[in-house]
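Notes follow the structure.
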Amino acid sequence: MRRRHTLTRLLAIAALGLPFTLPAAPAAATPATPTRHLSDVVPAPVETHPDAGATFRITPLTVIRTTPGSTAAWQVGRHLAGTLRPATGYPLPVLPVRSTPLPEIALLLGGADARVGQQGYQIDVTRHGVTIRANTAAGLFAGAQTLRQLLPAEIEAPHRQRVTWTVPGGRIVDHPRFAYRGAMLDVARHFHTVDEITAYVDLLSQYKINYLHLHLTDDQGWRIQIDSWPRLTTVGGGPGTGVDGVGPGFLTKADYQAVVAYAAARHITIIPEIDMPGHTNAAQSTYPELNCDGVAPPPRTDMAVGYSSLCINDELTYRFVEDVIRELAAITPGPFLHIGGDEAHATTDEDYRTFMDRVLPLVTKYGKRASGWNEVTQADPPSDVVAQFWGTGTTNADLVDAAARGNKVIMSPASRTYLDMKYDANTRLGLRWAGLIEVSDAYGWDPAHRVSGVGEDAILGVEAPLWSETLRSLDDIEFMAFPRLPAIAELGWSTEASHDWESFRVRLGEQAPRWRLQDVNFYPSPQVPWI
């Protein structure tokens, strides 16, 4: 209680601009995890300039100072304080003021190295404080995640720790290689709850992932409320849906908006996907009129693909599609709406092109930018459509032609980024049609050299999809995503020149104490020297 009163008096003195002497902070125990270095971070920073004589220590008197008048900076400060308070037990007030004589962690908009751009940041650590500068709140948030990794791993423990909370001295200048660094979660094959999705968001945000693509519909289930077609969820997402009939459930519009808001607070943008014209059995088994013969096919709970197709020459199809796009766009503040387009084997090439010619303009009509799996390039889409490459090979003529026309590409090669693939033949979960993917496989490729003829200038970024045929819980999600997700995150953020497996596997191994303290159910790959 006395310490709290001391801090209150000092804050009042600081507000008056009067000089004072800081009392000595109470002694604390030595951290249980090894001393951190500026270069220990995942993803690897662009530049680090260590200064061994400038270590900063967080104490009960430390404050978090943010740019005056900036709600966005204050919100990042509040989120950081919420991360640090449970472990330290310190009050860490968030103060939107120009200066304070107290030891501080400052989150400031402006004044950073010119190279940081719209998503990067600069961190300066001296004995007196930590200053994170960026041009945007997204950059400040990225810097705050780096600061989190520079602290002892015990910062992740949800109770007070007797630890010396030190930050290594020096400077970091950091910015992403690609603007888009994504993950995908399939909630159609097996439904995952709001709590499970937001828990995944928390983990993604720690590694500077800035997009979460939600695969909301498929043959086995429809998982988003559409008022114009209400049985899509009550029947198409109801009991008995999902692979093996054990994954029922759906997101109401309120649920979806809650996920969007939660992710936005962590600078992650949600991208909804409605897969079509194939992968539509959940809708067609619910509404017979969506079938060319007017007969509803039986629900499917198996893992087969390529057998369903909307009725391409029926105007009702486009009324249905427009209703879905209109309602989903209205509750999606982000710029993208994903229309799927993959594995439409039951749709002829001519019908596929007809469908895309009708549907892509609808996405634009409702204020969104269309994205789709790489098959959309077969329809010569407008140049603002983003193609997501998921193939296992290194050539794709349609993709090359689209890139030449100006279409941007997201790289998700299945044999490198599909987090639902088994690690090895003994992995309990997952599939293996794209191969076994160990951590070194997930890390051992380069986005700008994966598909011949699709170079750096054509690439918007990378994404790690996680399909849910074999997943049933958050533990399953974590096991398949970690430690491979941070490998994909580093490919999206860090420079090509910094790509080094030996460095990465050591830095990755140092994440283990954090994951254990967060109860992350990660796969202990034998390729990584875990601490």
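General remarks:
- Search result, residues across the stretch 501-530 that are among the acidic types (Asp, Glu) and touching a residue at least 40 places away in the same chain (Cβ under 8 Å): Glu510
- Within the option set Ala153, Ala114, being open to solvent by 30 Å² or more (accessible area, probe 1.4 Å) and among the hydrophobic types (A, V, I, L, M, F, W, C) holds for one residue only, Ala114.
- Some residue of the stretch 266-274 being farther than 18 Å from Tyr200 by Cβ and surrounded by 23 or more Cβ atoms within 10 Å (Cβ to Cβ): yes
- Subset of the stretch 338-374 [under 24 Å from the mean Cα position of the chain (by Cα) and assigned to a helix (DSSP H, G or I)]: Val363, Asn374
- Single unsatisfied condition, Tyr423 versus (1) out of contact with any Gly (no Cβ under 9 Å at 6 or more places or on another chain); (2) crowded, with 17+ Cβ neighbours inside 10 Å; (3) aromatic (Phe, Trp, Tyr): (1)
- Residue in the stretch 375-386 that is touching a residue at least 40 places away in the same chain (Cβ under 8 Å) and either in a helix (DSSP H, G or I) or buried (at least 21 other Cβ atoms within 10 Å of the Cβ) (or both) present: yes
- Residue satisfying all of: in the stretch 99-144; in contact with a helix residue (DSSP H, G or I) (Cβ under 7 Å, 6 or more places away or on another chain) and part of a helix (DSSP H, G or I); nearest to Val41 (Cα to Cα) among these: Ala144
- Contact map, the stretch 145-159: first residue of a type in the set (A, V, I, L, M, F, W, C), second residue surrounded by fewer than 21 Cβ atoms within 10 Å (Cβ to Cβ) and assigned to a helix (DSSP H, G or I), Cβ cut-off under 7 Å, separation 6 or more or different chains; pairs are Ala153/Pro513; Ala153/Leu517; Ile155/Arg148; Ala157/Leu517.
- Residue within the stretch 427-444 that is open to solvent by 10 Å² or more (accessible area, probe 1.4 Å), among the aromatic types (Phe, Trp, Tyr) and not in a loop (DSSP other than H, G, I, E, B) present: no
- Residue within the stretch 72-84 that is under 21 Å from the mean Cα position of the chain (by Cα), in a loop (DSSP other than H, G, I, E, B) and buried (at least 21 other Cβ atoms within 10 Å of the Cβ) present: no
- Single unsatisfied condition, Pro333 versus (1) assigned to a helix (DSSP H, G or I); (2) under 27 Å from Ala179 (Cα atoms): (1)
- For the criterion of being closer than 21 Å to Ala329 by Cβ and open to solvent by 10 Å² or more (accessible area, probe 1.4 Å), Tyr211 passes.
- Residues located in the stretch 42-53, provided they are under 16 Å from Gln122 (Cα atoms) and either free of Cβ contacts under 8 Å to residues at least 12 places away in the same chain or surrounded by fewer than 18 Cβ atoms within 10 Å (Cβ to Cβ) (or both): Glu47, His49, Pro50, Asp51
- Filter result (open to solvent by 60 Å² or more (accessible area, probe 1.4 Å) and either within 29 Å of Pro176 (Cβ to Cβ) or of a type in the set (A, V, I, L, M) (or both)) within the stretch 87-108: Pro96
- In the stretch 243-283, the residues that are without any contact (Cβ under 8 Å) to a residue 40 or more places away in the chain and within 16 Å of Glu196 (Cβ to Cβ): Thr252
- Evaluation of Arg162 against (1) assigned to a helix (DSSP H, G or I); (2) closer than 25 Å to Leu517 by Cα (one fails), failing number: (1)
- Filtered by the rule that a residue be open to solvent by 10 Å² or more (accessible area, probe 1.4 Å) and closer than 19 Å to Arg148 by Cα, the stretch 473-506 gives a lone residue, Val506.
The values are calculated or read from the model by the stated rules, or taken from the named source; none is laboratory data. What you see is a predicted model; the values in this text were computed from it and never measured. Glycine gets a Cβ as well: all are built from the backbone with ideal geometry, and neighbour counts include every protein chain shown. Areas reflect the complete protein model, heavy atoms only, side chains present, ligands, DNA and RNA absent. Shrake-Rupley method; radii C 1.70, N 1.55, O 1.52, S 1.80 Å.
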